[in-house]
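The values are calculated or read from the model by the stated rules, or taken from the named source; none is laboratory data. Remember, predicted model here, so these are calculated numbers, not experimental data. Neighbour counts run over all protein chains shown; Cβ positions are idealised from the backbone, glycine included.
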Amino acid sequence: MIETQPYIIELEELSASHSDAVEKVQHLKKILERFSREVTRDEAVQFSNFFSRLVFISQKLKLPRQLEWQLQHFRVREKELRRNPDQQAARQEYRSAEKAVEALLLIAGGVSSPGYGASASVESEAASSGMPVPLSSTLRVQLLHCVPERGELLCSCEEPHGAEILVRYTHLLRDVPGEENSTLFRVGSQLNLIDCKTDREGIFTPRFIVLEPDYLVDASALAECFQEYAVTPFHFFRNKFTEKENRSYLLLGNLA
């Protein structure tokens, strides 16, 4: 079990401080980064960036999808606030991110289970207020649920954060058998919807759907499965048990 109490104490001290809002956001991200490094320090997997580390932690701890989305959103927003400081936006971001980090610490410390109360603590203000989703050339979403019988995807938007939309996809898969449609989309995947239109029911119909790659795939380990003399998946597992060398430049996360 991971010792999370020092992080919780530091989080409480940061919350009680009267520091600049942007500085508090930056400090909160440092807490999250230090905690994520501690969680993954004994793992054999190589992490090309903070994004892939958070994805791995979310899978390892079985975090609610909404909580994982909140943490990734905070990672992106902190960079934006660092480039363009905005005190009001920073205060709002800190309030929501603090709840997400606290929920992560409670789950990692065994105080709360992933399925109990964690998702409720990180509900999006946009979703609860019914904020409309603006049409744009690109809309980044996370897949929550696939409904193959209706040819629809239930997704959570990045902006406005947490707003849920229905996306119709069957028009993009006319050459794919119906029973194989749902296998193309995995719950939790990040999708980019290109040139969306909406019908009278408010369902989004994109011109293209771009599926983001899995940043934790080790390309070199997969490549070793395909040799001139044979093709076997056992080379992938052999690679996992051999001594690791620094090959972070081969990870798909860097290529993406």
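Observations, loosely collected:
- Cβ pairs under 8 Å, 6+ apart, first in segment 66-88 and in the same structural domain as residue 52 (by TED's automatic domain parsing) and without any contact (Cβ under 8 Å) to a residue 12 or more places away in the chain, second crowded, with 21+ Cβ neighbours inside 10 Å and of a type outside the set (Ser, Thr, Tyr): none
- Some residue of segment 217-232 being at pLDDT 75 or above, surrounded by 13 or more Cβ atoms within 10 Å (Cβ to Cβ), among the charged types (D, E, K, R) and assigned by TED's automatic domain parsing to the domain that holds residue 144: no
- Test: residue 10 is among the charged types (D, E, K, R), within 21 Å of residue 161 (Cβ to Cβ) and either in a helix (DSSP H, G or I) or assigned by TED's automatic domain parsing to the domain that holds residue 99 (or both): no
- Matching residues, segment 40-68, being β-branched (Val, Ile, Thr) and either modelled with pLDDT under 85 or in a loop (DSSP other than H, G, I, E, B) (or both): 40, 45
- Applying the criterion of at least 2 residues that are modelled with pLDDT of 50 or more to the helices (runs of 4 or more DSSP H) found wholly in segment 81-130 leaves 87-108.
- Filter result for the condition that a residue is within 18 Å of residue 161 (Cβ to Cβ), within 21 Å of the chain's Cα centre (by Cα) and among the basic types (Lys, Arg), over 30, 79, 60: 79
- For first residues located in segment 167-187 and hydrophobic (A, V, I, L, M, F, W, C), partners that are at pLDDT 75 or above and in a helix (DSSP H, G or I) and lie 6+ apart or on another chain with Cβ distances below 8 Å form the pairs 187/65.
- Failed item, numbered, when residue 184 is tested on (1) farther than 14 Å from residue 65 by Cβ; (2) within 19 Å of the chain's Cα centre (by Cα); (3) modelled with pLDDT of 80 or more; (4) among the hydrophobic types (A, V, I, L, M, F, W, C): (3)
- Candidate set: segment 1-38, residues that are buried (at least 18 other Cβ atoms within 10 Å of the Cβ) and more than 16 Å from residue 96 (Cα to Cα); chosen: the one modelled with the lowest pLDDT: 4
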